[in-house]
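Peer 1: Below you'll find the structure I mean.
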Amino acid sequence: MLENSLGLPPVIAAHGLFRSFGTTVALGGVDLNIQLGQSLAIMGPSGSGKSTLLHALAGIELPDAGRITLNLPGYNNVQVETLNDKARTKLRREAFGFVFQSGLLIPELTAIENVAMALMINGVQRAAAMDRAAQALAQLGLAGMEQRRIGQLSGGQQQRVAIARAKVTGAGVVFADEPTGALDSTTGTEVLDILLEATVGAGKSLVMVTHDRSVAERCDRIVTLRDGHIVTDSATAQRQTGSWS
Amino acid sequence: MNTLHLAWMIGRPSAARSTPQLLTVSAYAMVSAVLLIVLGGAYSFTSFEPEAQGMYLPLAAFALVLLIVPLVVLGAAAARLSARTQDRALSSLRLLGSTGTQISQIAMIQAAGTALAGALAGVVLYLATSPLVSMIQFQGAPIGSAIYLPVWVVALAVLTVVLLAVVSAVAGLRKLVITPLAVATRQNVPVPSWIRALVTVGVIAVLYFVLNNVAAIAQDFVTIIVVIVGGFGLGLLVLNLVGPWLVARVGNSKLNKAQTPDQLLAARMILENPAQSWRQVSGVAMASFVAVVGGSGAALMGMGAGEASEPGWMRYLSADVLTGVLLTLAIAFICVAASAAITQSASTLDRAELYDGLHRLGMSYKVMNSARTKSLMIPALTASIGFAIASAILVLPLAGIAVLVKPTTVLMVIAAVILGLLLVRVSITVANPQRLLVAKD
């Protein structure tokens, strides 16, 4: 297994991932390592396998073949593909954070309750969860909006709540699927700044699917997929330290 | 392409819509079958001797009136689900330039078609279950073939169900006609005012006085019946007024006490729309009312039952009233259980994307299902207990005497209510997101 410059193994190491839907090959043998504190953008045309790769790495869907090894606090050398649905659900809520394009916030809950919910499903008492959720929202510039319902927040504010929810559990890896896709460019830039600060800025890893080159350029590394294969894998201008794979 | 053809194109049975379509047709079938069985039961009383008819027919009419609420709630739930399955297609048609009238016509044709299919299935269900129902005894003998209604009554019942579906569909589509985007904008639903509670307490106080002094207020038998039935009708109306307020209060209390994710989510789901939460379980409230008032009445009638001095038909009255109460309870709970299963299934299908997303985020289906179940059962228990208490107050002396003199009758009625609530609880497992959404995939 490849190690980074500090001698640590990758937080996620994927080897030979293969996934097909009928006759369509979504992943045709993908190898990919993600290091601690790294931000990785996955790009590629529609149908290239970006989201399938993200789902496989996050344990949302199982690959047909291949291995995914996880090295995070509490999950040392865990083979994700061997876990059953219940164990993978637990893994996702404990070890990972997610920010999707649609936010996936619960409309009945307030902003603070949406964030606290991530802690409560991990067994944190409600009062403590609400305190930590309030802090997370304040750090992302949402102080004073804790009691607002999701429908009362703008698109950018909703994504901040989603980022707070992904961050509040202390997840080692955050997966983001087109997190700025539904936002205007100014708001998108703000949300991206916050997402990077909340993840890489805090020593966590970020795996982001995006169509937007300018968004991808903000990451340390860009992987481009085509027809289920990685065609390029390179450091971005802001992190010219060579290949990470 | 004419409207009829368009309605068929977007509404025809398909694999993608099979679950909601099956649910909708089943619901209409249930409404029609229940309606026909109840009407058949009432119709069978016309074969009694004239003096007995004078007592039994008003009681049957009263039971029918009581069952209107759960039947309408069930029919409306089916109609809403039917409309929801077509919302997206109709919205697209509106964007493509269809007029509001065309959209309404398509919705009406589809609702009528689905309701007709369901109602005809209901007729078959009625005929299939009639041999079983005909074994129920009134006046010491099975109902027998008197359960079978004349064809014109069956046709009228089918027509009524179809009309109910059409009216509900049109009402549900008003927004779509107004705005082509038909975007659901979540707004804060106003919390029902405490004034409702105040009005309810006042009306109950007045009713309590009237019902306990009915002999002084009305002199002849017919007026007494009118006062009693009118009083109970007003009582039911006013208790439905206070229902949403009561559910909101209980929801708030649950919100403050919530410690687990499912408790928090359930409380918020209730508070999202207390009136809708109440509507789903208003049939349970009705059942509680029937249980307390009817159960007390049956118990008191049973005090002197079977005496040789009574005329022939009177000897069976108390047992028949108890049978009627239990039947009304059973039918009310079947309606509530069916409408709860449909409403919850519609809600699960509506929220499929959110449930699926939350599962990806690491929330187990167990938590989501528990929240959904609590969001229904909390209002159901509130309605059941709240209405039982209020009804007991209305007929306090009678209820008290009934407990003392016929505890077995009272226990039987309580057991029926508990069984009914269990039926509702079991019925909503149909809408389990894991089962419904994974099956859909």
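The values are calculated or read from the model by the stated rules, or taken from the named source; none is laboratory data. The shown structure was predicted, so the numbers you read here are calculated from the model rather than taken from an experiment. A quick note on method: Cβ atoms are made from the backbone with ideal geometry, for glycine too, and the neighbour counts reach across all protein chains shown.
Peer 1: Which of the numbered conditions does A:LEU225 fail, given that it passes all the others? Conditions: (1) in a helix (DSSP H, G or I); (2) buried (at least 16 other Cβ atoms within 10 Å of the Cβ).
Peer 2: Status for A:LEU225: all satisfied but (1).
Peer 1: Moving to a separate point now. Working only within region A:68-96, note down all residues that are among the basic types (Lys, Arg) and within 18 Å of the chain's Cα centre (by Cα). Outline the logic, then answer.
Peer 2: Of the residues in region A:68-96, the ones among the basic types (Lys, Arg) are A:86, A:88, A:90, A:92-93.
Those that are among the basic types (Lys, Arg) and within 18 Å of the chain's Cα centre (by Cα): A:ARG88, A:LYS90, A:ARG92, A:ARG93.
Peer 1: Determine if region B:222-231 includes at least one residue that is polar (S, T, N, Q), modelled with pLDDT under 80, in the same structural domain as B:THR200 (by TED's automatic domain parsing) and part of a helix (DSSP H, G or I).
Peer 2: yes
Peer 1: Then there's this: Of the numbered conditions (1) surrounded by 15 or more Cβ atoms within 10 Å (Cβ to Cβ); (2) in a loop (DSSP other than H, G, I, E, B); (3) under 17 Å from the mean Cα position of the chain (by Cα), A:LEU195 satisfies every one except a single condition; which is it?
Peer 2: Checking A:LEU195 against (1) surrounded by 15 or more Cβ atoms within 10 Å (Cβ to Cβ); (2) in a loop (DSSP other than H, G, I, E, B); (3) under 17 Å from the mean Cα position of the chain (by Cα), the one that fails is (2).
Peer 1: May I pose another question? Return yes when A:ALA134 is surrounded by 18 or more Cβ atoms within 10 Å (Cβ to Cβ), in contact (Cβ under 8 Å) with a residue 40 or more places away in the chain and farther than 23 Å from B:ARG372 by Cβ and no when it is not.
Peer 2: no
Peer 1: Select from region B:233-268 the residues that are free of Cβ contacts under 8 Å to residues at least 40 places away in the same chain and of a type in the set (D, E, K, R) and list them in ascending order.
Peer 2: B:ARG249, B:LYS257, B:ARG268 - these are the residues of region B:233-268 that are free of Cβ contacts under 8 Å to residues at least 40 places away in the same chain and of a type in the set (D, E, K, R).
Peer 1: Among the residues of region B:250-281 satisfying the criterion of being surrounded by fewer than 20 Cβ atoms within 10 Å (Cβ to Cβ), part of a helix (DSSP H, G or I) and under 22 Å from the mean Cα position of the chain (by Cα), which is farthest from the other protein chains (Cβ to nearest Cβ)?
Peer 2: B:ALA275
Peer 1: Follow-up question, since we're still on this one. Within region B:57-70, identify whether any single residue is in contact with a Cys (Cβ under 8 Å, 6 or more places away or on another chain), farther than 18 Å from B:VAL123 by Cα, assigned to a helix (DSSP H, G or I) and touching a residue at least 40 places away in the same chain (Cβ under 8 Å), and answer yes or no. Give the steps one after another, and end with the answer.
Peer 2: Initially, region B:57-70 is screened for residues in contact with a Cys (Cβ under 8 Å, 6 or more places away or on another chain), giving B:67, B:70.
Still in the list and also farther than 18 Å from B:VAL123 by Cα: B:67, B:70.
Pick out the ones that are also assigned to a helix (DSSP H, G or I) and you get B:67, B:70.
Then drop every residue that is not touching a residue at least 40 places away in the same chain (Cβ under 8 Å), which leaves B:67, B:70.
Yes, there is a match, as at least one residue in region B:57-70 is in contact with a Cys (Cβ under 8 Å, 6 or more places away or on another chain), farther than 18 Å from B:VAL123 by Cα, assigned to a helix (DSSP H, G or I) and touching a residue at least 40 places away in the same chain (Cβ under 8 Å).
Peer 1: Moving to a separate point now. Can A:THR187 be described as touching a helix residue (DSSP H, G or I) at 6+ places or on another chain (Cβ under 6 Å), closer than 28 Å to A:SER46 by Cα and surrounded by fewer than 24 Cβ atoms within 10 Å (Cβ to Cβ)?
Peer 2: Yes.
Peer 1: Can you tell me which residue within region B:323-354, out of those that are part of a helix (DSSP H, G or I) and at the interface with another protein chain (Cβ under 10 Å from one of its Cβ atoms), is modelled with the lowest pLDDT?
Peer 2: Only one residue fits best here, namely B:GLU353.
Peer 1: Taking the options B:LEU322, B:LEU326, B:LEU419, B:LEU411, name whichever one is surrounded by fewer than 18 Cβ atoms within 10 Å (Cβ to Cβ) and closer than 27 Å to B:ALA61 by Cβ.
Peer 2: Residue meeting the stated conditions: B:LEU419.
Peer 1: Take B:VAL158 and tell me if it is surrounded by 15 or more Cβ atoms within 10 Å (Cβ to Cβ) and either modelled with pLDDT of 85 or more or of a type in the set (Phe, Trp, Tyr) (or both).
Peer 2: Numbers: surrounded by 15 or more Cβ atoms within 10 Å (Cβ to Cβ): yes; either modelled with pLDDT of 85 or more or of a type in the set (Phe, Trp, Tyr) (or both): yes.
When the stated conditions are applied, B:VAL158 passes them.
Peer 1: Within region B:337-365, which residues are over 27 Å from the mean Cα position of the chain (by Cα) and among the basic types (Lys, Arg)?
Peer 2: B:ARG360
Peer 1: Out of B:ALA128, B:ALA121, I need the residue that is within 24 Å of the chain's Cα centre (by Cα), surrounded by 17 or more Cβ atoms within 10 Å (Cβ to Cβ), closer than 28 Å to B:ILE331 by Cβ and not basic (Lys, Arg). Which one?
Peer 2: B:ALA121
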